[in-house]
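Working notes, structure below.
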Amino acid sequence: MAIAGKRRYTGGLVDVAAGQISREIFVSDEIYAEELERVFTRAWLFVGHESQIPKPGDYFVSGMGEESVILCRDREDRVHVFLNSCRHRGMKVCRYDEGNTPVFTCPYHGWSYATDGKLVGVPYFREAYHSKLDRSQFGLVEVAQLEIYKGTVWATWDPSAPSFLEYLGEFRRYLDLALDAWDGREGGTEVLGGVQKWLIPCNWKFPAENFSGDSYHNISHRSVDLVGIGPSGSGRRDMRERLIGRRLQICFPDRGHQTGAYVLPNEEPTPPAYQHSPVVSEYFRRCEEQRRERLGAWGRVTGAPGELFPNTALHPRQPRSIAVWHPRGAHRTEVWRWYLVDADAPPEVKDFLRQYYIRYSGPAGLTEQDDMENWNYAHAASRGTIARRHPYSYEQGLGFEVENYEWEGLRIPGTVMDVTDSKSSEHNLRNFYRRWAQFMDANSWDELATWRRRP
Amino acid sequence: MADQREAMAQLFLERDVENFLYHEAELLDERRYEEWLDLLADDVRYWMPMRRNVKLGELEREFTREGQDVNWFDEGKDTLERRVQQILTGVHWAEEPLSRICHMISNVQLLAVTPSVLEPADVTVKSRFLIYRNRVETETDILVGKREDGLRRVDGHWKISRRKVVLDQSVLLSKNLTFFF
């Protein structure tokens, strides 16, 4: 079954071949309503981290698209994600952010639900319902699929969506860069207490695009680079990989995921970092050594910002974090940011990183503040009638992508753009919007799972 | 007589501390950031927890913990100085052009004085704030909450040795925290 050539989005509002994308997809309320349906009900979304709900009865209220969901662990230790809305009249059954409970009782009429979602209490069941209501039909609405991957919890409302691992494809290796311990052991990360949540006045795709691999925006961060907040005291990060390795932008056209990465030369050890603290510096030195031993050539790869389609951002290097861009109307986004550390790192290392994370990221972060200002005013200045007639330009590096990229004996999965010399490319950004347009045009996962149609 | 002397000293101290807090607000609102930094002790702790909605009976989980969790702010003078330096680069876009900011400070209460009101060396003072921030054209934020400060007498002047800022919001309704509380 071939996909029709030109659709409303693919080749239309999103003309990736020409490197032009209409501003309408950012500012139109009608397109926004459509993407809630076509993107957010079908894609896999990040919900939270298992370490937030360690015990039976623990819950954490999260969001999928615009909707509130409850991530909880039932009495049998199974993890669930439910729509946070009573089946009787819709009231939120949980208005706390987190806690532990045997049941979720609706404050309106008192229907109550066990932590496995079953409706277990209906006031006046005998009298008003004459014992006839089929309670088994009115459990909390549960996501169609849920996957716990190295501690992170993902869910989708679409029963026909591929499994999470299939949805990830080879991008899995880059997600691992955020979730594995720094010494290369699988998993091994935990989230710090406290999820940052804040509202920014722009469409959710501005930050999604930025994390997809906008390496062109150095001027945005001039002030923080001048002031120096990095773990070794200069710049905003420790960036010595940049000087000796290859700087890559990597994307997966059939999946819509993309990331940056650095690949270090074969013979060189990873440059030292975190010199502000001998303990932290030594910790990372030892981790890097073990990482090379454990992972071989792949140990030369370190991550850079990435975006797992559609709205989960990865920051695999310090400040190590996962952000979700929750849509809140076409013109507003609620950002949630979780911070990750190696679970068994010494307390001094965790504390050092925690402090660095806070001064870098989030609404008080010296780096992220300036990112947001650009997204906010780009959005505001794109809403006008005249502005909407002029598409944005995404032409950097068009036609220079490389398949089967290899450097010093290491093949890099994905479609790669080596930006070491060219400095920047919009290859990953085009990839994000190409996939977004496919979601908007496609009527089913049969059309979206293009990789299954290959011979 | 001793009682009266102590009562007078208490009154004087309250006014003195209030004046200090108003002077501090004045420096911030007039963008005299470097002078504001001089009011902070070298070992100052500046902490603003995040807040969760939790059940009655679990209120100990309402605030993120200083020194352990992710907070809105949890830092010392070094980072605060860098925040000021960043504003003064002129290319910190989130504060360029500069916001118009007004700190309203009220409900000043002395919670503790050591060793005594007659010779106060350290005081704990609680206050309310209402911060109005307007920037560029129409962007406006109003942030309301409480502060609990430790003030220390150094060479005849007050220095802020710790500040806890409790903002009365859970999801932060402002896009950033580029200013000082």
Exercise for the section: Could you go through the stretch A:212-229 in sequence order and give the Karplus-derived ³J(HN,Hα) for each residue, using 6.51 cos²θ - 1.76 cosθ + 1.60 with θ = phi - 60°, rounded to whole Hz, and x for Gly and Pro? Expected result: 5, x, 7, 9, 9, 9, 4, 4, 4, 9, 3, 5, 6, 5, 5, 7, x, 10
Practice task
Using only atoms on other chains, find how many Cβ atoms lie within 10 Å of each Cβ of peptide A:369-376 and report the average.
Solution key: 6
Problem - Karplus 3J(HN,Hα) series, Hz, for the stretch B:81-86 with 6.51 cos²θ - 1.76 cosθ + 1.60 (x for Gly, Pro) - result: 4, 5, 4, 5, 4, 5
Handout entry: Kirkwood Rh in Å, taken over all unlike Cα pairs in the stretch A:303-370
Key = 12.9 Å
Practice task
Give the carbon-plus-sulfur fraction of the accessible surface of chain A in %, rounded to a whole number; probe 1.4 Å, heavy atoms of protein chains only.
Solution key: 50 percent
Practice task
Mind listing the long-range amide H neighbours of A:Thr152? Cut-off is under 5 Å, sequence gap 5 or more, other chains count too, H placed in the peptide plane at 1.01 Å from N.
Solution key: A:Glu50
Handout entry: Sequence ranges B:164-176, A:26-38, ranked by mean other-Cβ count within 10 angstrom, highest first
Key = B:164-176, A:26-38
Fill in the blank from the handout: The convex hull of the Cα atoms of the protein assembly as shown, divided by residue count, gives a volume in Å³ per residue of 186 Å³
Completion exercise
Note: B vs A interface, total accessible area buried (1.4 Å probe; ligands, DNA, RNA excluded), nearest 100 Å², is 3500 Å²
Completion exercise
Counting other chain Cβ atoms within 10 Å of each Cβ in A:335-341 and taking the mean gives 1
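Take the residue pairs B:Lys55/B:Lys77; B:Lys77/B:Lys126; B:Lys77/B:Lys175; A:Lys197/A:Lys350; A:Lys350/B:Lys164 and return only those whose Cα atoms are more than 28 Å apart. Show your work: numbers first, answer last.
Values: B:Lys55/B:Lys77 35 Å; B:Lys77/B:Lys126 21 Å; B:Lys77/B:Lys175 24 Å; A:Lys197/A:Lys350 21 Å; A:Lys350/B:Lys164 22 Å.
Cα-Cα > 28 Å for B:Lys55/B:Lys77; rest within.
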Handout entry: Packing-based order for B:24-30, A:180-186, A:66-72, using average beta carbon neighbours within 10 Å, highest first
Key = A:66-72, A:180-186, B:24-30
Practice task
Take every residue in peptide B:50-62, count the Cβ atoms of other chains within 10 Å of its Cβ, and give the average of those counts.
Solution key: 4
Fill in the blank from the handout: Taking the alpha-carbon centre of each part, the distance from the stretch A:69-130 to the stretch B:55-128 in Å is 39 Å
Exercise for the section: Could you please report the charge total around A:Lys150, scoring K, R as +1 and D, E as -1 over all other residues with beta-carbon less than 14 angstrom from its beta-carbon? Expected result: -3
Exercise for the section: Hey, can you find the accessible area per residue of chain B for me, probe 1.4 Å, expressed in square angstrom? Expected result: 48 Å²
Fill in the blank from the handout: In Å³ per residue, the alpha-carbon convex hull of the stretch A:8-57 encloses 137 Å³
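Could the peptides A:362-370, A:131-139 be put in order, highest first, of the mean number of other beta-carbon atoms found within 10 Å of their residues?
The peptides rank, most packed first, as A:362-370, A:131-139.
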Exercise for the section: Among DSSP beta bridges lying fully in chain B, give the percent that are antiparallel, nearest 5. Expected result: 90 percent
Completion exercise
From highest to lowest solvent-accessible area (probe 1.4 Å; ligands, DNA and RNA excluded), B:Thr114, B:Thr89, A:Thr385, A:Thr415 read A:Thr385, B:Thr114, B:Thr89, A:Thr415
Completion exercise
Sorted by chain and number, the residues with a modelled amide H under 5 Å from that of A:Tyr394, at a separation of 5 or more or across chains, are A:Gln20, A:Ile21
Problem - Integer Hz, Karplus 6.51/-1.76/1.60 couplings in order for the stretch A:397-406, x for Gly and Pro - result: x, 4, x, 10, 5, 10, 8, 6, 5, 9
Problem - Cysteines without a disulfide-compatible partner [chain A; Cβ-Cβ under 4.7 Å] - result: A:Cys72, A:Cys94, A:Cys202, A:Cys251, A:Cys287
Exercise for the section: Using only the alpha-carbon atoms of the stretch B:1-122, report the extent along each of the three principal axes, biggest first, to the nearest angstrom. Expected result: 59, 43, 26
Handout entry: Reach of A:Lys423 by Cα under 12 Å, taken over aspartates and glutamates that are not fewer than 8 positions away in the same chain
Key = A:Asp214
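The values are calculated or read from the model by the stated rules, or taken from the named source; none is laboratory data. Just so it is clear, the structure is predicted and the values come from calculations on it, not from any experiment. Backbone-built Cβ (ideal geometry, glycine too); neighbour counts: all protein chains shown. Each accessible area value is taken on the protein alone, full model and side chains, heavy atoms only, with ligands, DNA and RNA left out. Shrake-Rupley method; radii C 1.70, N 1.55, O 1.52, S 1.80 Å.
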